[in-house]
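The values are calculated or read from the model by the stated rules, or taken from the named source; none is laboratory data. Since this is a predicted model, take the numbers as computed values, not measurements. Cβ: placed from backbone, ideal geometry, glycine included. Neighbour counts: every protein chain shown.
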Amino acid sequence: MKHKVAIIGCGGIANQKHLPALANASDRVEIVGFCDLIEERAIKAAEQYGVPGAIVCTDYRELLKREEIEIIYVLTPNVSHCELSVAALQAGKHVMCEKPMAATTEDARKMLDAYHASGKLLTIGYQNRFRPDSMALKKLCEGGELGDIYYANAHALRRRGVPTWGVFTDKEKQGGGPLIDIATHSLDLTLWFMDNYKPATVTGSAFYKLGRTLRPDEQGNGMGPWNPETYEVEDAAFGFVTMQDGSLITIDSSWILNSTEERCASAYLCGTKAGAELTGVGGSNNEKLYLNAVMANKQVKIDVNTAAGGVDFFPGKKMDAKDVECAVWLDAIEGKRELVVKPEQAFVVTKILDAIYQSARTGRQVVFD
Ligand SMILES: NC(=O)c1ccc[n+]([C@@H]2O[C@H](COP(=O)([O-])OP(=O)(O)OC[C@H]3O[C@@H](n4cnc5c(N)ncnc54)[C@H](O)[C@@H]3O)[C@@H](O)[C@H]2O)c1
C-alpha cells in the first residue's frame, strides 16, 4: 500500500522540492490532497502531481478530516507552521514541516509538545543535511576525525539575495529576514556536526540599513528588485552563542550586505585534531568539503572527495538532497530507521535564532536556564 500524502501550501518550495521528490518516490507514495489559499495553485499542483480525483481545497481542515491521509506536508510561510503542524499532529497525521520549525520558541515548543503527545512523526525540511558533502562531514565528525570541536561559524551570507516572491520581507508572516530564513540551515548543520544542542548564552545584532532605503534601480538584487516600502525585516544579523561545554558558535547571515562573499548553508568547524570547511551553496566553489590539519609537521588543506563513499544513507546510489530527504522520511515512517532531522534538534535552532532577535532588540545577552 502506498502512503497517502496531502500538501498544505502549493507555492515555491512545494514545486521546487517536495512535489518533484514525492513524484520520484511514486513507488512509495501518492499525493491525494492539495490545499492553498490561492486555489489556482492547488489546482495546478493537483493536475501535475495528484492522483485522479485528488482533493483540492483552500481550507486545510478539509484535509485533516480525511482518515485515509497519513502524511501532511506544511509548506506555508513561517508564522503558520505552528498552527498547521499542531492541528495535523492532533488529527493523527505524520508531519513534514518546512524550515524553520517555527517563527518563535513559544510556537516551536507547542509543536514539540503536540509531537510528543501524538505518537506520530514530525520532521523539518533541512535538506542540506542530505548533500553528499554534509553527509561526508557528519561521518568524519562522528568518527572523531576533528577531535573536540570548540569553535564553529554557521555561515549564510548573500550580497544581494532578497527573495522577492511570496511574503519573505513581511515580518508578521515570516517572523524575520535572513536570520530566520537562511541562517536556520547553516545553524542546523553546525549543531548537527558538533552534536551539541546545549546553548548557554546568546548575543546578537541585526541591521536594518539597506532594505528600506535602496531604490529598485540601485539594489542589484539577484532575484529582481524588492519594494523598499514593504521591506520590514533585517538586512543582516549576527550572533555569538556560547554552549554549556564552553564551545563557541558564531552565526552570520545576510540578504543585503556589502560583502564579496556569497555562500549559504555553509559551516566552518575547528576541533582539537583538525578543522573543516563546508563551502555550502551559492558561491563560486559550491558544495566542497576541505579538511584543515597538520600532517608530518606541515599545514595541509585537504580537498575531500565527497562523491567517493561519503553518502552513508544510501550507499552506492546517487540521489540528490531532496530525494534523500524524502526517502529517509518515508523510511522513518515505515519504522526502518530513526528520524534524521529530529524535532528536538530543530527546536534548538529556533530557540537560538529567536534569542538572537531578542538580544538585538534589547541590547542584552540572553541567558538560558
Ligand atoms: N528548505 C528550503 O531550502 C526552503 C526554500 C524556500 C522556502 N522554504 C520554506 O518554505 C515555506 C514556504 O516558502 P515558499 O517559498 O514556498 O513560499 P510561497 O509564498 O512561494 O508559497 C507558500 C504558499 O502557501 C500558501 N499558504 C499560505 N498560508 C496558507 C494556509 N494557511 N493554508 C494553505 N495555504 C497557505 C500561499 O498561498 C502560497 O502559495 C517557508 O516556511 C520557507 O521558509 C524552504
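Annotations for the structure displayed:
- Residue count, the range 163-195 (criterion: of a type in the set (G, A, S) and more than 10 Å from the ligand (Cβ to nearest atom)): 4
- Of all residues making up the range 30-45, the number that are more than 11 Å from the ligand (Cβ to nearest atom) and out of contact with any Cys (no Cβ under 8 Å at 6 or more places or on another chain): 4
- Selected residue (criterion: surrounded by the fewest Cβ atoms within 10 Å (Cβ to Cβ)) from residues of the range 3-23 that are more than 9 Å from the ligand (Cβ to nearest atom) and farther than 14 Å from M96 by Cβ: A23
Yes/no per residue for (1) crowded, with 23+ Cβ neighbours inside 10 Å; (2) away from the ligand (no atom under 11 Å from the Cβ); (3) touching a residue at least 60 places away in the same chain (Cβ under 8 Å); (4) among the aliphatic types (A, V, I, L, M):
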site: E68; (1), (2), (3), (4): no, yes, yes, no
site: V74; (1), (2), (3), (4): yes, no, yes, yes
site: G92; (1), (2), (3), (4): no, yes, no, no
site: A103; (1), (2), (3), (4): yes, no, yes, yes
site: R131; (1), (2), (3), (4): yes, yes, yes, no
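- Sole exception among (1) closer than 24 Å to N15 by Cβ; (2) surrounded by 23 or more Cβ atoms within 10 Å (Cβ to Cβ); (3) in contact with an Asp or Glu (Cβ under 9 Å, 6 or more places away or on another chain) for P163, by number: (2)
- Subset of the range 137-156 [buried (at least 22 other Cβ atoms within 10 Å of the Cβ) and either over 16 Å from the mean Cα position of the chain (by Cα) or part of a helix (DSSP H, G or I) (or both)]: L137, L146, I149, A152
- The lone exception for L289 - which of (1) at pLDDT 85 or above; (2) on the phi > 0 side of the Ramachandran plot it fails: (2)
- Note on the range 76-87: residues that are more than 8 Å from the ligand (Cβ to nearest atom) and in contact (Cβ under 8 Å) with a residue 40 or more places away in the chain total 1.
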